[in-house]
Amino acid sequence: MLYNNISELIGNTPLLKISPEVHKLENIEIYAKLELFNPFGSVKDRIGWGMIKDDINSIKDNRQTIIESSSGNTAKALQVLASSNGIKFKTVTNRIKVPEVKSILQILGAEIEELPGLSECPDPTDPNDPITYIENMMSVESEKYYHTAQYTNMKNPQIHYDNTGKEIYEDLGNIDYFFGTLGTTGSSRGTMEYLLEKNSDMKKVGIIASKGDSIPGIRNIDEMYEVGIFKKKLYDSIITVDSVEAVEWMLQLIRKCGVLGGPTSGAVFYGSLKYLRDIDKTLTEKKKAVFVACDRVEWYISYIQKRRPDIFDSSIKKDNIRNLSMDDLDKVIKIEIDEAEEWVEKNKPLIIDLRGNLAFKAKHIPNSINIIDNYFEELLDSGIPFSNNQTVLLVCPVGENSKKFAALLNKKGFKAFSLEGGIVSWRDAGYALERTILNETI
Amino acid sequence: MMKFTPIVSHTIKDFIEDKATLISLVDGLGSPLNVIFPQAIKQNIEEFLSVFKKHFINGKVFYAHKTNKSNSIVRQASFENVNIDVASENELKSALSNGFTGDRIEATGPKNKGFISLGLQHNIIFNVDNLEEFNQIISLSSHMKNRNKVKIILRFSGFKSESIKVLSKYSRFGIPANDIDIALDKLSEYKDKIKFLGFSFHLDTIDLKEKVIAIENCIKFFNIARDYGFEPHVLDIGGGFKVNYIENQNEWNNSISELKESILGYKESVTWNNQSFGIHNDKGVLKGALNIYNYYDSLTGSKYLDELLSTKLSSFQNRTIGTILSENMIDLYIEPGKAFVNQAGITVSKVNFIKQSSNGDTLIGLGIKRTDLVIGDQELFLDPVIIHNKKDMPLDKNKGVYFIGNLCLETDLIFKHKVFIDKIPSEGDIVVFINTAGYFMDFNSSDTIKQPIAKKVAISKTENGFKWYSDELYSPMNAL
């Protein structure tokens, strides 16, 4: 299919029927609106484009910078749309919680300003919120910025009314239950309003994060009050989901349905089931439910790692420094610090310093070489760059790490020793240390 | 209904339940009264030291004396494996007279001549805030014909991140990070007169990221300083490790939701004259940020330090801060305040009277004023424990009361929010404020309108029950 501009790929996303074998409901069909199929990977692509498209020429002509408070998907969409149109974009945020999201934004070229964290002695008169910060910036140089203001911009729900809601209706007809996650609430509100006009009996359910927990892109009930376009009364029910449930059901979506949605998709899927399970048993006729799968899984790796470390535990390799026995460790010959300098003199070992580059550069034992512990671990798997008749002395900060590596080398048939007390003891004993001084060339 | 149930240590719980000692102390010494439990610091210290150990770091804990004026805490600390951070001449005198020797003392904060010269006489560490101060120290030292090399740590601020713009609040403290070369040039002029230990910062934030950036910057400074021929080996990251005051996370979350809903007007007001702590209702939308201390916090004290040291730095081969410090043989100095005195003190007041306000709220008049309990204009979200001595009256638990102070001043409310209790105390009953040793009990206390400043007593738990001493006379050696 031929397109002339990336913005043409926004919207018209697929609607996928979730297999009853996965959701186990008998009378309700569940459909997922796959917003992750948008070109920049999320439902926010629609509003990113929708909020700027009418004014794009004047933004360009006036050389304005688009500014928004977003720590995620809206920033991604706005950044790509801005830069591909030769416009600058800046996002002001109260902290991006997931490092990969920040990395993606940096790859896309976004300018990010993060506001300071809460003071240890908070000042009641300090207006420390991003919206106030943006408003202050704009009042100083109002010409310079174009504030898309996703939280209060009525174009946000309008776009979903005009497109997302209509698309769902055209594919499915009347809907009985609609589930949306509440962030800016624009997407669920606009979509819902359209579907509600078609079927005024439709139940509207909002999904929020439990307090004290975070699910990217979803707010908790307190945070909802900070959103201008949130109206509690619009929803028949509000369901709270925590991050562990969100990740678990995200995995179900990924593994059983092939939908590579992020934690938010998992949260809304789980929230739907939480709401529908009991209702399903009371039904005598078929009903249809739709939820929105907002974005993709890839940029939440560390978020998932934190909550489900079990997924990432690779099968334990035969030998590594984490599965040594006490016996292996006890067998390591430790070179006592009192005799260390003399021992080195006599045995002329290959001295391997396992510390980081900066530490090695600052101070090291003369004639030692630097192989950082994590690289060394990889080398031990792939191929060791010295022979096994070579005596090796391993050095680390206090003699803990070096003992483990020596044990592992010995198991593999090498002659490795560990410096007791590490570089700290060597320094304290007053033995010679060197510093690397490089010729700083251009 | 808002509830802020405080965490109370076993020792303090036992002491309060014991009643008799507490009542006789307040009767004998007057209201308000500060009660210190100096032995509580032992566990707090132990927790920090175990984090150092876990990361193979050579670390030192400095008690930030400014947290509390109490003698007994300093005296107890002087017998423990800790050092002390003093911020004034009188704090230095307090440290010295309670048993700290000069080698265990570090001076921080703004310094005058008296403070500097006494510090030089005891050869303490100077955490230098600016180069003008450095000049003063050097000049006083040479006038005094000081034969010791002056121990110097340089304090910096205004760190920049290379990868991302993180805004920090402007600080009134420290040398601008951009001036590192100017500072080291200056130090180089006096190489024979000083012993340059290393770098420090203290950021007024509880945010890890800003601290990580500062540490990242400082680690680079070590390398720069070596080019100047110095051998710095200390990184002082200041305090700000936080304390968790509240037992239950859900209770805290729900109560804060109620507070916000009340400010938005969805619920009946729960604050005095609709005080709103930095947020306001703008056409149904909540604007601004709720500027209150997070009395519930799951990452505090030694856990916060552990998290900081476990943070990986991408600019240093993704090694953790702990590993980097350990392998670079950099000693870590920390200056905990609140976290150091966690569960080491309570503040006690008598009930003077009960009355109704002009709009029908119940007001409980106490023998204590707001400034005897809070620092600056911060609001304390911690429910007091009430000891009912005399007859009490049941109260609808959804009604709530205000606690008011003993000043003849409209704004002297102990809390500007309602406290929901189920029994109204009567005159002579006792109200206990929990965990007040860290910056609350005496930072702002005064004898305005000649209302008394709280006296302090130190309590030690012995096999034969609780024993009390005047704060000045307490020593862990008393028990021998």
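The values are calculated or read from the model by the stated rules, or taken from the named source; none is laboratory data. Computed from a predicted structure; not experimentally measured. Note that we place each Cβ from the backbone using ideal geometry, even for glycine, and neighbour counts take in every protein chain shown. Accessible surface is based on the protein model in full, side chains and every heavy atom, while ligands, DNA and RNA are left aside. Shrake-Rupley method; radii C 1.70, N 1.55, O 1.52, S 1.80 Å.
A few notes on this one:
- Selected residue [open to solvent by less than 10 Å² (accessible area, probe 1.4 Å) and out of contact with any strand residue (DSSP E or B) (no Cβ under 6 Å at 6 or more places or on another chain)] from B:F56, B:F134, B:F115, B:F79: B:F115
- On the stretch given as the stretch A:41-93, residues that are among the hydroxyl-bearing types (S, T, Y), under 22 Å from A:V140 (Cβ atoms) and assigned to a helix (DSSP H, G or I) total 1.
- A residue that is open to solvent by 20 Å² or more (accessible area, probe 1.4 Å) and touching a helix residue (DSSP H, G or I) at 6+ places or on another chain (Cβ under 9 Å) cannot be found anywhere in the stretch B:390-400.
- The stretch A:343-358, residues that are farther than 16 Å from A:Q390 by Cα, of a type in the set (A, V, I, L, M, F, W, C) and either more than 14 Å from chain B (Cβ to nearest Cβ) or touching a residue at least 12 places away in the same chain (Cβ under 8 Å) (or both): A:L354
- For the stretch B:264-323, the tally of residues that are within 11 Å of chain A (Cβ to nearest Cβ), in a strand (DSSP E or B) and more than 30 Å from B:I334 (Cβ to Cβ) stands at 8.
- Here B:K303 meets the list (1) open to solvent by 50 Å² or more (accessible area, probe 1.4 Å); (2) under 30 Å from B:K151 (Cα atoms); (3) at pLDDT 95 or above almost entirely, failing just condition (2).
- Qualifying residue in the stretch A:22-32 (condition: small (G, A, S) and either open to solvent by 70 Å² or more (accessible area, probe 1.4 Å) or under 14 Å from A:F269 (Cα atoms) (or both)): yes
- Restricting the search to helices (runs of 4 or more DSSP H) fully inside the stretch A:298-416 and requiring at least 1 residues that are in contact with a strand residue (DSSP E or B) (Cβ under 8 Å, 6 or more places away or on another chain) gives A:337-347, A:357-362, A:373-382, A:401-411.
- Yes/no for B:I354 being assigned to a loop (DSSP other than H, G, I, E, B) and more than 14 Å from chain A (Cβ to nearest Cβ): no
- Annotation note: of B:A20, B:A95, the sole residue that is among the aliphatic types (A, V, I, L, M), assigned by TED's automatic domain parsing to the domain that holds B:H388 and under 21 Å from B:Y474 (Cα atoms) is B:A20.
- Residue match in the stretch B:84-103 (condition: within 14 Å of chain A (Cβ to nearest Cβ) and buried (at least 19 other Cβ atoms within 10 Å of the Cβ)): no
- The set of residues in the stretch A:367-396 that are more than 14 Å from A:I351 (Cα to Cα) and within 14 Å of another protein chain (Cβ to nearest Cβ) comprises A:N374, A:Y375, A:E377, A:E378.
- The single condition among (1) at pLDDT 95 or above; (2) within 25 Å of the chain's Cα centre (by Cα); (3) at the interface with chain A (Cβ under 10 Å from one of its Cβ atoms) that B:L203 does not meet is (1).
- Across the stretch B:232-250, the number of residues qualifying as within 11 Å of another protein chain (Cβ to nearest Cβ) and touching a residue at least 24 places away in the same chain (Cβ under 8 Å) comes to 10.
- Of all residues in the stretch B:322-334, exactly one satisfies the criterion of being of a type outside the set (A, V, I, L, M, F, W, C), open to solvent by less than 20 Å² (accessible area, probe 1.4 Å) and within 22 Å of B:A87 (Cα to Cα), namely B:Y333.
- Residue ID - surrounded by the most Cβ atoms within 10 Å (Cβ to Cβ), chosen from residues in the stretch B:223-239 that are under 27 Å from the mean Cα position of the chain (by Cα) and not in a loop (DSSP other than H, G, I, E, B): B:L235
- Restricting A:E193, A:E245 to those that are charged (D, E, K, R) and under 19 Å from the mean Cα position of the chain (by Cα) reduces the list to A:E245.
- Hits in the stretch B:191-209 (condition: closer than 25 Å to A:K102 by Cβ and open to solvent by 10 Å² or more (accessible area, probe 1.4 Å)): B:L203, B:D204, B:I206, B:D207, B:L208, B:K209
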